[in-house]
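Asker: Take a look at the following structure, please.
A short reminder: the numbers here are calculations on the coordinates, not readings from a lab. It should be emphasised that the depicted structure is a prediction, and the values quoted were computed from it without experimental measurement. Here the Cβ positions follow ideal geometry from the backbone for every residue, glycine too, while neighbour counts run over all protein chains shown.
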Amino acid sequence: MAEPTAAANLTPDAAAHPNSAALYDRARRVLPGGNTRTTVFVAPHPLYAREGHGARVTDVDGTTRIDFVNNYTALIHGHGHAATAAAVADQLARGTCFAMPTEAEVALAELLCQRLPAAERIRFTNSGTEAVMMAVKAARAYTGRPKIAKCEGAYHGSYDYVEPSLAPAPAEWGEPDPTPVAYAKGTPQAVLDDVVVLPFNDAAAAERILTPQARDLAAIIIDPMPFRVGLIPAAPAFLEFVRAFARNHGILLILDEVISFRLGYHGAQGELGVAPDLTTLGKIIGGGLPVGAVAGRAEVMAVFDPSAGKAALPHGGTFNANPLTMAAGRATMEAMTEAAYDHINALGAQARAALAEAFAAAGVPGQVSGRGSLFRVHFHDRPLTGYRAAYAQPEERARLARFYWGLIQRGVMISTDGLGAISTPMGGSEIEALAEAALGALRA
Ligand SMILES: Cc1ncc(COP(=O)(O)O)c(C=O)c1O
């Protein structure tokens, strides 16, 4: 995911959040459904944020909670990271954006190319969605082919060509192989015709599906730990297969590291030992400001080189590489030392173990997946093999909704879909608080 559908039919104690309820009333008069970002919609109304400091966020009713959402994994240092705030303030005093490049862009590009094994060149965008869109367009420009392959259940943002089969219901699952299913209302059939859907971590099925399409495929896009597929890492054999298949058939491998870049100093590609042709980034690299990036081999990234004139793939964007984001991203990433990754990854392991213990102690069927600084709770104990196994049944969804509000009442916030992300200001006490709140919520 982690940015897909709204969580509906949850049951908060509405009277406990009068200021949020009032703001939502106002919002509904000017925003459709009171909302600009589907992901953060919660029925009957969301809690509105007033401020955040470190690992904690305070809502407009004055309640402070430990924030394990961290804006869907983007805030790796939590809220108000001092060095990032100072870098932003310094840049703010000197201007927010120019129709000229800045040194801040070059500096963040250098840092990211140095850390990301497969990145020789990089371009910045304003969101992960745009990064994915530009990576797909680059792959088409480079190969001269129209189609892309993606995994069933994998979220890559809201670009039409990566949305199909994001959330198919069981009745829509093809047998045995997935067929592309429209996610957004109004998706043209022409889009579905150019998308090939693979089951995650199933190399044999992927080979069967990809082989007849190989000559038309520009790219295979893989999230190495897709949230909706269960937040399970890509199996080495699956990654090896897609890497080799792509290379053998002149297809580009795009690794979507918009979330997974937080798994280690060299991203998930460093952890898993895979060398994609293109990588998409977002979230943490903007230090809390809007960002995305597409990076990759110099030869492929050359499709963007504007000195080629009309031969180049155009990529404008009024706020691309704006110096505020670049400064925030650099300060944030400089503070992400190897030791900082070790810290959040160790806490992630503790959080997963503590949540699993809470399920066992409460006698509630459930499990916890994830890796590094990320976790996801599931209200079933089916082996997590892919999207279909992870697909939550209505009763499981209802339990997750009750769990979400149970944690909210106990001072802890995870996402409505069960995702949690560790931030650097957290320590053992935050994990203990999570475990205690989880046990209380599960027992209740
Ligand atoms: C794997 C992945 N790719 C792409 C995106 C889209 O990023 P953005 O929300 O910045 O458009 C997301 C967002 O959650 C994501 O998780």
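Asker: How high is the FRET efficiency between Thr58 and Ala398 when r is their beta carbon distance and R₀ equals 35 Å, given to the nearest 0.05? Write out the running numbers ahead of the final one.
Answerer: Values: r = 28 Å, r/R0 = 0.81.
E between Thr58 and Ala398, to the nearest 0.05, is 0.75.
Asker: What number comes out for the charge environment of Asp305, summing +1 per Lys or Arg and -1 per Asp or Glu over other residues with Cβ under 15 Å away?
Answerer: Working: positive: Arg121, Arg123, Lys137, Arg297, Lys310; negative: Glu120, Glu299.
Result for the neighbourhood of Asp305: +3.
Asker: How much length is gained if the chain between Ala83 and Glu299 is pulled fully straight, taking 0.36 nm per residue apart and subtracting their Cα-Cα distance, in nm to one decimal? Intermediate values should be presented prior to the final figure.
Answerer: On the way: separation 216, 0.36 × 216 = 77.76 nm, distance 3.52 nm.
Stretched fully, the Ala83-Glu299 segment lengthens by 74.2 nm.
Asker: Hey, if you drop one equal point scatterer on each alpha-carbon of region 268-348 and run the Debye formula without solvent, what base-10 log of I(q)/I(0) do you get at q = 0.23 Å⁻¹?
Answerer: Debye curve over Cα of region 268-348, log10 I(q)/I(0) at q = 0.23 Å⁻¹: -1.21.
Asker: Short version: ³J(HN,Hα) in whole Hz for each residue of region 68-76, in order, from phi by Karplus 6.51 cos²θ - 1.76 cosθ + 1.60 (θ = phi - 60°), x for Gly and Pro, what are they?
Answerer: Per residue, the Karplus-derived 3J(HN,Hα) values read 9, 8, 6, 6, 6, 6, 6, 8, 6 Hz.
Asker: Any idea what the alpha-carbon Rg over 2.2 N^0.38 Å comes to for region 82-334?
Answerer: Numbers: Rg = 18.1 Å, N = 253, 2.2 N^0.38 = 18.0 Å.
Compared with the compact-globule rule of thumb, region 82-334 sits at 1.00.
Asker: Please report, in whole Å, how far the alpha carbons of region 335-444 spread along each principal axis, starting with the longest.
Answerer: 42, 31, 22
Asker: Taking H as built 1.01 Å from N, whose amide H comes closer than 5 Å to the amide H of Val412, not counting residues under 5 places away?
Answerer: Long-range HN contacts for Val412: Ile66.
Asker: Let me ask another. Two decimals is fine: what's Rg over Rh for region 47-190, C-alpha atoms, Kirkwood radius as Rh?
Answerer: In region 47-190, Rg relative to Rh is 1.05.
Asker: What number do you get for region 382-444 when its Cα radius of gyration is normalised by 2.2 N^0.38 Å, N = residues? Walk me through the numbers on the way to the answer.
Answerer: Details: Rg = 13.1 Å, N = 63, 2.2 N^0.38 = 10.6 Å.
Working it through for region 382-444, the quotient is 1.24.
Asker: Summing Lys, Arg as +1 and Asp, Glu as -1, what charge do residues with Cβ under 12 Å from the Cβ of Ser429 carry, Ser429 excluded?
Answerer: Details: positive: Arg56; negative: Glu430, Glu432, Glu436.
Net charge around Ser429: -2.
Asker: Out of residues 5 or more away from Arg121 or on other chains, whose amide H comes under 5 Å of its own, with H placed 1.01 Å from N in the peptide plane?
Answerer: Amide H neighbours of Arg121, under 5 Å, 5+ apart: Gly296, Ala298.
Asker: Take each of the peptides 77-89, 142-154, average the number of other beta-carbon atoms within 10 Å over its residues, and list them starting from the highest.
Answerer: Working: 77-89: 18.5, 142-154: 22.1.
Result, highest mean first: 142-154, 77-89.
Asker: Moving to a separate point now. Per residue of region 269-280, what does 6.51 cos²θ - 1.76 cosθ + 1.60 with θ = phi - 60° give for ³J(HN,Hα)? Whole Hz please, x for Gly and Pro, Karplus curve as stated.
Answerer: Result, rounded to whole Hz: 5, x, 5, 9, x, 10, 10, x, 7, 10, 10, 9.
Asker: So how far apart, in nm, are the two label points at Asp381 and Thr36 if each is 7 Å from Cα heading toward Cβ?
Answerer: 4.5 nm
Asker: Placing unit charges on C-beta atoms (Lys and Arg positive, Asp and Glu negative, everything else neutral), compute the dipole magnitude of region 82-334 about its Cα centre in debye, rounded to 20.
Answerer: Numbers: 20 positive and 26 negative charges, 79 e Å.
That gives region 82-334 a dipole magnitude of about 380 debye.
Asker: Write down the percent of antiparallel bridges among all DSSP beta bridges whose residues are both part of region 82-334, to the nearest 5.
Answerer: Details: 10 of 24 bridges.
Among the beta bridges of region 82-334, antiparallel pairing accounts for roughly 40 percent.
Asker: Could you give the dipole magnitude of the chain about its Cα centre, charging the beta-carbon of Lys and Arg +1 and that of Asp and Glu -1, in debye to the nearest 20?
Answerer: Values: 37 positive and 43 negative charges, 111 e Å.
Charge dipole, the chain, about its Cα centre: 540 debye, nearest 20.
Asker: Sequence-distant or interchain residues sharing an amide H contact under 5 Å with Leu198, placed H: which?
Answerer: Under 5 Å from the amide H of Leu198: Lys150, Cys151, Glu152.
Asker: Which chymotrypsin sites (Phe, Trp or Tyr not before Pro) from region 51-134 combine a DSSP loop assignment with at most 12 other Cβ atoms within 10 Å?
Answerer: Values: sites: Phe68, Tyr72, Phe98, Phe124; in loops: Phe68, Phe98.
Here the sparse-neighbourhood loop sites are Phe98.
Asker: Checking understanding here: applying a Kyte-Doolittle mean of at least -1.0 and a length along the axis of at least 20 Å (C-alpha), which whole DSSP H helices in the chain pass?
Answerer: What comes out of the filter, once short or polar helices are dropped, is 128-143, 338-362, 394-409, 428-443.
Asker: For q values of 0.07, 0.12 Å⁻¹, compute log₁₀ I(q)/I(0) with the Debye formula on a Cα-only model of the chain, without solvent.
Answerer: Relative scattering, expressed as log10 I(q)/I(0), comes to -0.33, -1.04.
Asker: Let me ask something else about it. Which residues among region 221-261 fall inside the zone where the amide N is under 20 Å from a point 7 Å beyond the Cα of Glu338, along Cα→Cβ?
Answerer: Answer for region 221-261: 261.
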